[in-house]
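Q: This is the structure, below, for whatever I ask next.
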Amino acid sequence: MSRIGDSALLSRPEALTNTALAKVRNACSHPFMSYPRTRKVNPVLAINLLLAAIMGLMGCSTTYVPDAGAANPKAVPDVPTGARIALINAQPATESLLIGNAGAGRTVYGDLHTWTGQVILALKKTLEKKGVSVSEAANKSRKVSITKVALTEAGSGWAFRCTVNFNIETSDGQIATLVADDTSWKYLNACDGVIPKVVLAALRDEKILKLFGFSLNPSRTMSATRLVVG
C-alpha cells in the first residue's frame, strides 16, 4: 500500500480528500492505538441490568413457609397408645403479612393459615411418635391457630429471633394461648426452628394437655411425666 506522504501531496492541502485523510489516518495508526469502533448494545441485556440495579436499590422480599419439623419425642410426656385426636386449622387469614426484616433491605412475609398448617403437621408427627393417632375422623377435635409471627433482631444485631403466638381451642370454647421463639444467625433457621418449639410449648403445658384430653399423672415426677387419656 502506498503512503501519501509525497511532498507534492502534502504541499497541496486541497488534495487531501476524505479518502486521502483516511489513508493518512491508517498510515499513522499504531497496532496498539487503534481507533474505537461503535458496538451495538443488546437491548435485552441492557434491560436486565437496569432491572437488577433497580431491585438492588429497592431491596427484595420473600414469602416464607417454615419446615414442619417434629419436636424431639423424648422431650414430650408419654401418651397411652391408641389415643385419637383431630387437629383443625382455625386460622382463616390467608393473606401475606409482613413478618419482619432479614437484613440488607430484605423483607419477609408469611401466611398465618399456612404457618398454622405447618404447626399442625409438626404436632401430628410428634404425637404419632408418642402413639397418638391424629386423624380428621377422630371424635375429639382441637382447633389450632397462629395469631402472630414476628422476625426481629437478636444478639445485638448478629442474629434473628422468630416469635410465634398461638392458640389451641376445644370444641366448647376453652382457649389456651402460648408464645414460642427460636434464635439463629440465619433467619431461615430461626423460622424453621420455632415450629418444633411451638410443639414443645404446647405438649409441655398442663392446660393445653388437658385441652387435648390428656391429664398428668400426679404420681409421676416431672422428669418422668406420663399422660393418661381423660
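Q: Looking only at segment 71-90, filter to residues that are surrounded by 19 or more Cβ atoms within 10 Å (Cβ to Cβ) and small (Gly, Ala, Ser); which one of those is modelled with the highest pLDDT?
A: ALA71
Q: Still on this model: Just the residues that are in a strand (DSSP E or B) and either surrounded by fewer than 14 Cβ atoms within 10 Å (Cβ to Cβ) or of a type in the set (A, V, I, L, M, F, W, C) (or both), please, taken from segment 106-120.
A: ARG106, VAL108
Q: Run down ASP172, ASP182 and say which single residue is modelled with pLDDT of 95 or more and either touching a helix residue (DSSP H, G or I) at 6+ places or on another chain (Cβ under 9 Å) or not β-branched (Val, Ile, Thr) (or both).
A: Sole residue among the options that is modelled with pLDDT of 95 or more and either touching a helix residue (DSSP H, G or I) at 6+ places or on another chain (Cβ under 9 Å) or not β-branched (Val, Ile, Thr) (or both): ASP182.
Q: Does segment 93-105 contain any residue that is exposed (fewer than 15 other Cβ atoms within 10 Å of the Cβ) and among the β-branched types (Val, Ile, Thr)?
A: The answer is yes; a qualifying residue exists.
Q: Restricting the search to segment 156-206, which residues are in a helix (DSSP H, G or I), among the hydrophobic types (A, V, I, L, M, F, W, C) and over 15 Å from the mean Cα position of the chain (by Cα)? Full working, then the answer.
A: First pass over segment 156-206, keeping only residues in a helix (DSSP H, G or I): 187-203, 206.
This time we only want the ones that are among the hydrophobic types (A, V, I, L, M, F, W, C), so: 188, 190-191, 194-195, 198-203.
Those that are in a helix (DSSP H, G or I), among the hydrophobic types (A, V, I, L, M, F, W, C) and over 15 Å from the mean Cα position of the chain (by Cα): VAL198, VAL199, LEU200, ALA201, ALA202, LEU203.
Q: Among the residues of segment 66-105, write down those that are assigned to a loop (DSSP other than H, G, I, E, B), aliphatic (A, V, I, L, M) and over 18 Å from LEU211 (Cβ atoms).
A: ALA68, ALA70, ALA93, ALA104
Q: Something else now. Only one of (1) free of Cβ contacts under 8 Å to residues at least 40 places away in the same chain; (2) closer than 20 Å to PRO196 by Cα; (3) within 26 Å of the chain's Cα centre (by Cα) is not met by VAL149, so which one is it?
A: With respect to (1) free of Cβ contacts under 8 Å to residues at least 40 places away in the same chain; (2) closer than 20 Å to PRO196 by Cα; (3) within 26 Å of the chain's Cα centre (by Cα), VAL149 is out only on (1).
The values are calculated or read from the model by the stated rules, or taken from the named source; none is laboratory data. The shown structure was predicted, so the numbers you read here are calculated from the model rather than taken from an experiment. All Cβ positions, even for glycine, are placed from backbone atoms using ideal geometry, and neighbour counts span all protein chains on display.
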